[in-house]
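To start, the structure itself, in structure tokens.
The values are calculated or read from the model by the stated rules, or taken from the named source; none is laboratory data. This structure is a prediction, so every number in the text was calculated from the model and none was measured. Cβ: placed from backbone, ideal geometry, glycine included. Neighbour counts: every protein chain shown. Please note that ligands, DNA and RNA were not included when accessible areas were found on the heavy atoms of the full protein model with its side chains. Shrake-Rupley method; radii C 1.70, N 1.55, O 1.52, S 1.80 Å.
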Amino acid sequence: MPVVTPDKAKQEYDVVIVGSGAGGGQAAYTLTLAGLKCVMLEAGRHYDPLNETPMFNAPHQAPLMGNGTPDKPFGFYDATVGGGWQVPGEPYVSAHDRSRPHEEFRWWRPRMLGGRTNHWGRISLRNGPYDFKPRERDGLGFDWPLTYDDLEPYYTKVEMLIGVYGTNERLENTPSSPDGVLLPAPKGRAAELLAQKHAKELGIPVIPIHRAVLTTHQNYKDFPARLHPGNVWAQKIVQNAMAERSACFWATPCGRGCQVGANYQSTTVHLPPALATGNLDIIPNAHCREVIIGPNGKAKGVLFIDKKTGNEARVSSKAVILAAGACETVRILLNSRDPGNPRQGLANSSGLVGKYIMDTVGAQLSGHIPRLENLPPHNEDGAGGDHLYAPWWLYQEQKAGKLDFARGYHVEMGGSREMPGGDNPVPTDLSRGSYGSRFKEDARRYYGSFVGFAARGEMIPNENCYMDLDPTVKDRFGIPVARFHWKWSEHELNQAVHAKKTFKALIEAMGGTVRDSLDFSPARSIQNPGFIIHEVGGAIIGDDPKKSVVNEWQQTWDVKNLILSDGAPFASNADKNPTLTIMALAWRACDHLVDEAKKGNL
């Protein structure tokens, strides 16, 4: 992989891309295969999943049986190294009301090549038609300046490129994919199938989820021509990259990374073909400080800190793409300067940079299901994540005003006999202090009989949720840090309560009992903002420069050769996980950028 140091960078590139995750990786893929010369800046370390993934290491081979620690909260084997909830020397501040601890923002930063695509759950749901025009439906929030039909071709291309398993169920606002695009869905695990059976009694549809994991080999013979019609050179590169990926054989949790490329990571799907073009340089440990603006008002490059030396460095380009993650992109914009605009930050003539930050609404509940006790030993590792889920099902009741919140949630579920880690496999209240052969019997009886349900719901943007720069706190490079302000609305709080009540009913319908607290007060039902790691917004998309930061092509209104290709432009945050939409939007924006380059408009 041609990784370069700042002093080896070219004098000028067509495009500098800040960030290497879903948006940055997609931008690099689209632009380099179109012939543009690009450089990618990554704030964290270089990472190669082919050589670093502990695919066959068992929990007992790791410290503390692989359990999470403060510096590795998702477990010893998780791919993220050097990042997490706290990054040494790179703090952030939460300015929430201290009497409302459920509104303290928590910011996960990966700080490694590939960004969050190394860590994420790979749930790949399309936003539906309602999700692009939510204000038309209920009068709240903002509509997007594009429709589902505008983005649908790009959803399809992304699904073909990264590989997504699932089925087409044709449910309301839960879009299907064209025939032949989705890969076969794996069968549900025992707990998922039991939940599916009893959810039906409650009117809740449980169906195969869409996830970016190859259950069979990709159609590498036909897909490249559909992705790049007329570009034989690009087709050959993509064909070779697809052919090198293997189908999942249920060996390793996806969060570890994947040596065989069975799951989607930017480092195994987007970057290899981009690098094969010879049109991409990557500079790791490049902590972006600001976008540089020339006398003509256009972006002309990026100023960054070489974290290896602590020295400032620059790269020059004809266009700049910020894809560092929504809040990191906002931080860069606020730390940049626009000589022609008195407002703080760049691309901020609307005053909306940093405004309307959103995260997914989270709520969860677990239970014990006696029917799942004493199952015969079997391997339920599966595809490394959910096989089944429940999309939001109460659109009509919501539209009729029968609910006390305006937007919905989908339900993710867990419960299986995967290889146990370092936790006690039998809760103390069930084992009643057993030991020796009795404890072994209890472990065989109870392990795998616990389920958990999690809501992932839509947040409506509000003016009390925003990010600015702290006036005193700086990072170790002297750069002002992000400061978060947050206040949940009644819609999100009521939604979380509804979710937990639903989970209680489902656990009881399965013949089980709830094991968590039954305090369903709003503050104890909703998870902290940022905790779901789905934050978006802060530079919203729109059709009016006075009311938005970017246009439908994700160009900032103030600086037309500055494009935002991560979650920052989101005008709403549907209950669907945002990554697939980030990639589809990035591909669409970069296609437009390529057209502009051909016209000489860079």
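Observations, loosely collected:
- Exceeding the 24 Å Cα-Cα cut-off - candidates LYS72/LYS307; LYS72/LYS501; LYS474/LYS546; LYS157/LYS598; LYS8/LYS307: LYS72/LYS501; LYS474/LYS546
- Packing-based ranking of 180-186, 519-525 yields 180-186, 519-525, ordered from highest to lowest mean Cβ neighbour count within 10 Å.
- Site pair THR513 and LEU202 shows an inter-label distance of 1.9 nm when each label is modelled 7 Å from Cα along Cα→Cβ.
- The share of accessible area on the chain that comes from carbon and sulfur is 50 percent, using a 1.4 angstrom probe.
- Each principal axis of the Cα cloud of the stretch 225-347 was evaluated for its coordinate range; sorted largest first, these ranges are 55, 38, 27 Å.
- Residue order for TRP120, TRP557 - accessible surface, 1.4 angstrom probe, largest first: TRP557, TRP120
- Relative counts (whole %) of C-alpha pair distances in the stretch 375-514, using bins that are 5 Å wide: 2, 8, 12, 13, 13, 11, 10, 11, 10, 7, 4, 1, 0
- One quarter of the surface of the convex hull around the alpha-carbon atoms of the stretch 399-446 equals 6.2 nm², the direction-averaged projected area.
- Of the peptides 38-47, 386-395, 543-552, the order by per-residue mean of other Cβ atoms within 10 Å, starting with the highest, comes out as 38-47, 386-395, 543-552.
- Peptides ranked, highest mean first, by Cβ atoms within 10 Å: ranges 260-273, 499-512: 260-273, 499-512
- The DSSP beta bridges internal to the chain are antiparallel in roughly 70% of cases.
- Dimensions of the stretch 47-170 along the principal axes, based on C-alpha atoms and rounded to the nearest Å, stand at 52, 45, 26, largest first.
- Per residue accessible area in Å² of the chain, where ligands, DNA and RNA are left out and the probe is 1.4 Å: 39 Å²
- Taking a straight line from the alpha carbon of LYS318, these aspartates and glutamates sit under 18 Å away, with near neighbours fewer than eight places off in the same chain left out: GLU12, ASP14, ASP281, GLU290, ASP338, ASP558, ASP591, ASP595, GLU596.
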